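These notes are about the structure you will find just below.
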Amino acid sequence: MRNQSTALLLMLVAVSVDILGTAQSKRAITPEDCVTVRYLNDDTIYSALQINLQSTRLAYVVKNPNLQSNGNDIQLFVKDLTDALDSPAKLVFTSDVISQIHWLKDGEHMLALSKDGSHVAVIKADVLTGKREIVASSDMDIKEFSADSLGDTIVFATEDKL
């Protein structure tokens with residue numbers, strides 16, 4: 001009985017040393033580990049995921065922490081749903097602000113709020129080429145917008161500074 005107790009005690013000590021040795025070999029979490037996590041950049045009203053009317057492309061906005069600038073890069077990606085599942089999504093563009101993404105009827109262009117110089121404007125982006133053009137701007141940041149399916153008629157709102 002005493003030999004069994006001694007053997008059990010030695011086995012527990014050996015297992016404990018093995019567990020402690022394994023735990024000590026792991027490294028601590030670094031700031032880089034924490035900020036390399038990407039997040040979907042969901043607005044409060046609009047989803048960061050949008051599928052075009054043809055159901056052939058998925059667009060999504062990602063907040064990507066940037067250690068060099070100590071800020072966040074906001075990125076618009078488009079995934080072609082007709083490609084293989086493991087094919088990568090295409091980065092369309094990066095900005096300080098990208099929100100309220102809306103597909104246009106042709107399935108190749110999007111409207112979004114994005115930073116243009118010092119103000120947020122409504123931009124039109126070609127998801128195939130990445131080309132962007134401003135379609136509505138103001139001397140104040142545009143907070144919200146709505147557009148017809150072709151992008152020909154745009155209504156937007158700004159906030160009055162009191």
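Modelled spin labels at residue 141 and residue 47, positioned 7 Å past Cα toward Cβ, are 2.6 nm from each other.
Report the extension gain between residue 149 and residue 27 in nm, rounded to one decimal, defined as 0.36 nm multiplied by the number of residues separating them, less their alpha carbon distance.
38.7 nm
A cut-off of 5 Å between modelled amide H atoms, ignoring neighbours fewer than 5 places along the same chain, links residue 57 with 52, 81. For the range 56-162, lysine pairs with C-alpha atoms less than 13 angstrom apart, excluding pairs fewer than eight positions apart on the same chain, total 5. Site pair residue 58 and residue 133 shows an inter-label distance of 3.0 nm when each label is modelled 7 Å from Cα along Cα→Cβ. In terms of its C-alpha gyration tensor, the range 81-162 has a prolate overall shape, because the principal axis ratio a/c (a ≥ b ≥ c, square roots of the eigenvalues) is not below 1.5 and a/b outweighs b/c.
Between residue 93 and 76, the built amide H atoms are under 5 Å apart, and every one of these is 5 or more places off in sequence or on another chain.
Any read-out appearing in this document is the output of simple, stated calculations on the displayed coordinates, not a laboratory observation. Quick caveat, the model's predicted, so the values are computed rather than measured. Ideal geometry is used to build each Cβ from the backbone, glycine not excepted, and the neighbour counts take in all protein chains shown.
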